[in-house]
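Bear in mind that the values in this text are calculations on the coordinates, not laboratory data. Keep in mind the model is a prediction, meaning the values are calculated, not measured. Every residue, glycine among them, receives a Cβ derived from its backbone with ideal geometry; neighbour counts consider all protein chains shown.
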Amino acid sequence: MKRRTFLRGSAAGIAIAGAHWLRVPTLVRADDKPAAAGDSAGQLYELTSRPANYESTRDTFTTRITPVERFYIRNHFDIPVGDMKDWKLELKGLVAKPQTFTLADLEKMKQTTVEAVLQCAGNGRGWFVPRVPGVQWRWGAMGNAEWTGVRLKDLLAAAGVAKEAQHVQLQGAEKPTLEKTPAFIRGIPIAKAMHPDTLVALRMNGQPLSPHHGYPARLVVPGWVGDDWMKWLATIEVRADEPKGFFYETGYRFPATPGKPGEPVPPDQMKPMTKLVVKSQLGSIGDGDVIAPGPHELVGVAFSGEAKIKKVDITVDGGATWQPAKLDAHDSGYGFRLFRYTWDAKPGKTKVGARATDSAGAVQPATAVWNPAGYLYNAIEMVEVEVRA
Amino acid sequence: MSRFVIIVLALAACRSEDKPAPAQQPVPTQPTPPAAPPVTIDRDALLAGKLPEGAPETDLVNAQCRICHSVEYLTQQRLGEAAWKKTIDKMRKFGAVLTDEQAASLVAFAAHYWNPDLPGRTWTPGPPPPGALPITTK
């Protein structure tokens, strides 16, 4: 096995080009085998090839910014094909002047950059017990990028939003394969749509969006679940009532009050998800790793929806004791906060874990709130590690 | 459920070609509890995301589920019968064409192979899908 190059991130973060992924010196790798730095293969796990659902490898979570080629991909349907030069964004509904924007129109408008975590609501679904249906994501349906584009509030201002507006309904250019399958339609409340950090993004990490990430434009809703970040954004409809369609009225809902694990929840108790919850993820070490005794730098990322990360604690003894990790200075608010902890590993088997606390006082729980669709998994992950010479 | 057992026996008969055994006898590939029907697909193949060959339900999966989903969408699930029924009912609403009898047999089939007792599937990292890399054209 190739030894990893160690690279400490500066306060300004690690440059994407030529980035190296930090790993502890691993003797045996049990759960995955990411490619060596610079390799073009081995960057994502294929969970389903159609529609394309791919998750990031664990060692991706040792840098603050997630490169596009390591960024997870989540789709409900096949990605739209066709000549995107004809693409237009339509803004309609409860507005004084309905608008149509071409890509060139949007590029001419004032551009804003926001760093934010995009996380699929179902990230970690595969860990829920009792098991729930859906793509069985483990840790990898999340990433942090710099998103650049036009503020949605600027587009709404150009159209003139009516006083009775309460929601914006969102639809992309993707189409289900079968006519009877509902279209992917989502929506956010007008207050979040008018927030200065909510963008119609054209760029991701400085590059035009890739087709899998919604080229030419996608919504960026910082701090909120990924299902609101509509890709190939084609229609924005301002409404007084709530958005319509299966994926808003039934899908992507979370119990208002947690029920008994495995039990169905009455539909009227299911509410649309909004904010992400506090979470951390170890990137430099994984379940089943065998490492040599001596000092190891444990590295990972932490984030929370609309709150900041206040602290991350580390256990190297299965949760008996916790010690604070060092947080990197760079704190964008919505983005990954990198944490590091130097562990002087002694021979034997143990469990290593990270626990994040946010500025609102929310702490990662030992067990995530079970829910029928497996959303918002954020339990503390305990990885079993063996230390031996 | 009885229909399902017949399917399993038919499969076992197919497999007996490479593993000689008395005619009409199921050939478990590994020890199973006496009450459980014999497993007729190699466990490694099951964990690698393969479908049992020759079952009528496999034909239904190929003809209906795979219109929209690659097969891993099914084989990575680990669900009990109630959850499989809910999922297949949803897919019928979304356009899968199945008779009530076919749907019931598909529920039993899926819950037999891809239930919570089956360990997690193995993942292999590979190249990103076409189009995943940043585009450079204007």
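What does the structure give for A:314-324 when I average, per residue, the other chain Cβ atoms found within 10 Å of the residue Cβ? Working shown, then result.
Working: counts 0, 0, 0, 0, 0, 0, 0, 0, 0, 0, 0.
Mean inter-chain Cβ contacts per residue within 10 Å come to 0.
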- Message: Can you compute the helix-only [θ] at 222 nm over chain A? Use -39500 (n - 2.57) per DSSP H run of at least 4 residues, normalise by all residues, nearest 500 deg cm²/dmol.
- Response: -1000 deg cm²/dmol
- Query: Among A:K180/B:K86; A:K260/B:K90; B:K50/B:K86, which pairs are too far apart, with a Cα-Cα distance over 21 Å?
  - Reply: A:K260/B:K90; B:K50/B:K86
- Message: Give me the extension gain from A:T342 to A:L178: residue separation times 0.36 nm, minus the current Cα-Cα distance, reported in nm with one decimal.
- Response: 53.8 nm
- Segment B:A45-B:D100, extension gain: residue separation times 0.36 nm, minus the distance between their alpha carbons: 16.9 nm
- Per residue of A:46-59, how many C-beta atoms from partner chains lie within 10 Å of its own C-beta, taken as a mean? 5
- Could you name the lysines whose alpha carbon sits less than 23 Å from that of A:K351, not counting residues in the same chain fewer than 8 places away? A:K33, A:K279, A:K311, A:K326
- Message: For Cα pairs less than 8 Å apart in space and 6+ apart in sequence, what is the mean separation divided by the residue count of segment B:62-130, i.e. the relative contact order in percent?
- Response: 44
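How about segment B:77-112: which chymotrypsin sites (Phe, Trp or Tyr not before Pro) there are in a DSSP loop, with at most 16 other Cβ atoms within 10 Å of their Cβ?
B:F94
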- Note on the structure: Taking a crude spin-label model, label points 7 Å out from Cα along the C-beta direction, the A:T113 to A:E242 distance in nm is 3.8
- List the relative contact order of segment A:175-310 as a percent without decimals, with contacts defined as Cα pairs under 8 Å and 6+ residues apart. 20
- Most packed first (mean Cβ within 10 Å per residue), the peptides A:164-171, A:264-271 order as A:164-171, A:264-271
- Of A:137-150, A:232-245, ordering from highest average Cβ density within 10 Å down gives A:137-150, A:232-245
- Item | Charged-residue dipole, Cβ positions (Lys, Arg, Asp, Glu), segment A:84-211 about Cα centre, Debye nearest 20 | 240
- Query: Just counting partner chain Cβ atoms within 10 Å, what average do the residues of peptide A:73-79 show around their Cβ?
  - Reply: 2
- Message: Within a 10 angstrom radius of the beta carbon, how do A:S49, B:S105, A:S56 rank from fewest other beta carbons to most?
- Response: A:S49, B:S105, A:S56
- Query: Say R0 is 41 Å: what FRET efficiency, to the nearest 0.05, do A:A157 and A:A320 get from their beta-carbon distance?
  - Reply: 0.15
- Expressed as a whole number of Å, what is the distance separating the alpha-carbon centroids of segment B:50-67 and segment A:113-156? 32
- Task: Could you pull out every residue, at least 5 positions away or on a different chain, whose amide H is within less than 5 Å of the one on A:Q43? Hs are placed 1.01 Å off N in the peptide plane, and Pro or chain starts have none.
- Result: B:G126
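Could you order peptides B:47-53, A:319-325, A:214-220 by the average number of other Cβ atoms within 10 Å of their residues, highest first? It would help to have the intermediate numbers written out before the result.
Values: B:47-53: 16.4, A:319-325: 13.4, A:214-220: 25.0.
Peptide ranking by packing, descending: A:214-220, B:47-53, A:319-325.
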- Message: Using Cα-Cα distances under 8 Å and only pairs 6 or more residues apart, what relative contact order does chain A have, in percent?
- Response: 18
- Query: Placing +1 at every Lys and Arg Cβ and -1 at every Asp and Glu Cβ, with all other atoms neutral, what dipole size does segment A:305-389 have around its Cα centre, in debye to the nearest 20?
  - Reply: 160
- Message: With just the Cα atoms defining each centre, how far is segment A:323-377 from segment A:240-309? Give it in Å.
- Response: 13
